[in-house]
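These notes concern the structure reproduced below.
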Amino acid sequence: MKRRMFLKHSIALILVMVTICCLLIVIVTVLKLPDASTKNSQMVLYPKIRSRKIPHDFKLSKFGDMMLEMLPHDLAFTVFVPSEEAFKRDLRLDFNDSLKPDKYNDTYAIVSRVLGFSAVPRSIHSDSVKLGELVNYDSLSGFSLYISKDIDGMLVVNRVRSEMVDFKRNEIVVHVMDGVIMDAEFEQSVLSYETEED
């Protein structure tokens with residue numbers, strides 16, 4: 001009988017000690033937490049890489065304007081337009097050289113092909129894509145576009161990140177991308193064209 005009493009008391013003693021240890025851990029953890037700022041500032045977990053706001057004086061590149069001129073302005077479209085740097089870097093299209101009369105037709109063909117890969121016949125605003133969600137739309141050429149949103153609100157389409165989002169031109173929603181959305185076959189033809197020139 002003494003053994004049972006000793007066993008019951010030792011179990012109760014262990015439970016009390018475990019409870020006290022847990023309370024001490026909670027109290028120490030709470031005391032070491034930093035105070036929340038009461039100022040009117042936002043807590044930023046990740047640095048913002050780019051601003052999603054469109055500047056008032058923002059203008060598309062000549063190639064971007066060329067893409068939008070190919071679409072009817074009174075219908076809802078979303079176009080993922082490459083930035084001027086992306087046109088230059090990925091497609092070797094330079095404003096001063098590619099729009100000359102002898103190269104204009106080739107440039108127009110390339111830009112219209114890029115439009116087929118990067119235009120969707122519906123309005124897609126950045127707010128309509130939720131963080132962590134992956135949506136799929138078919139472009140005008142039937143190319144599948146996989147759209148998601150990163151932590152700072154920028155759209156990512158087929159692993160190409162946007163620089164600016166939600167630029168409106170009439171009924172067309174424009175997202176400026178840091179790259180060119182294209183299929184592997186077109187990318188190969190662009191690369192082989194570059195090597196022929198070199």
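Odds and ends about this structure:
- Counting only strands (runs of 3 or more DSSP E) that fall entirely inside the stretch 121-198 and contain at least 3 residues that are within 18 Å of the chain's Cα centre (by Cα) and in contact (Cβ under 8 Å) with a residue 60 or more places away in the chain, the qualifying elements are 160-169, 172-177.
- Here Lys100 passes the criteria (1) of a type outside the set (A, V, I, L, M, F, W, C); (2) free of Cβ contacts under 8 Å to residues at least 60 places away in the same chain; (3) in a helix (DSSP H, G or I) except the one numbered (3).
- Count - residues of the stretch 55-96 that are in contact (Cβ under 8 Å) with a residue 60 or more places away in the chain and either of a type in the set (Val, Ile, Thr) or not in a helix (DSSP H, G or I) (or both): 15
- Matching residues, the stretch 151-164, being modelled with pLDDT of 90 or more and farther than 14 Å from Ala119 by Cα: Met154, Leu155, Val156, Arg159, Val160, Arg161, Ser162, Glu163, Met164
The rows are residues; the columns are (1) closer than 30 Å to Asp152 by Cα; (2) modelled with pLDDT of 80 or more.
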| site | (1), (2) |
| --- | --- |
| Lys2 | no, no |
| Met5 | no, no |
| Ile14 | no, yes |
| Cys22 | no, yes |
| Val28 | no, no |
| Lys32 | yes, no |
| Asp35 | yes, no |
| Lys39 | yes, no |
| Gln42 | yes, no |
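The values are calculated or read from the model by the stated rules, or taken from the named source; none is laboratory data. In this text the structure is predicted, and so the values were computed from the model without any measurement. Positions of Cβ are backbone-derived with ideal geometry, glycine not excepted, and every protein chain shown enters the neighbour counts.
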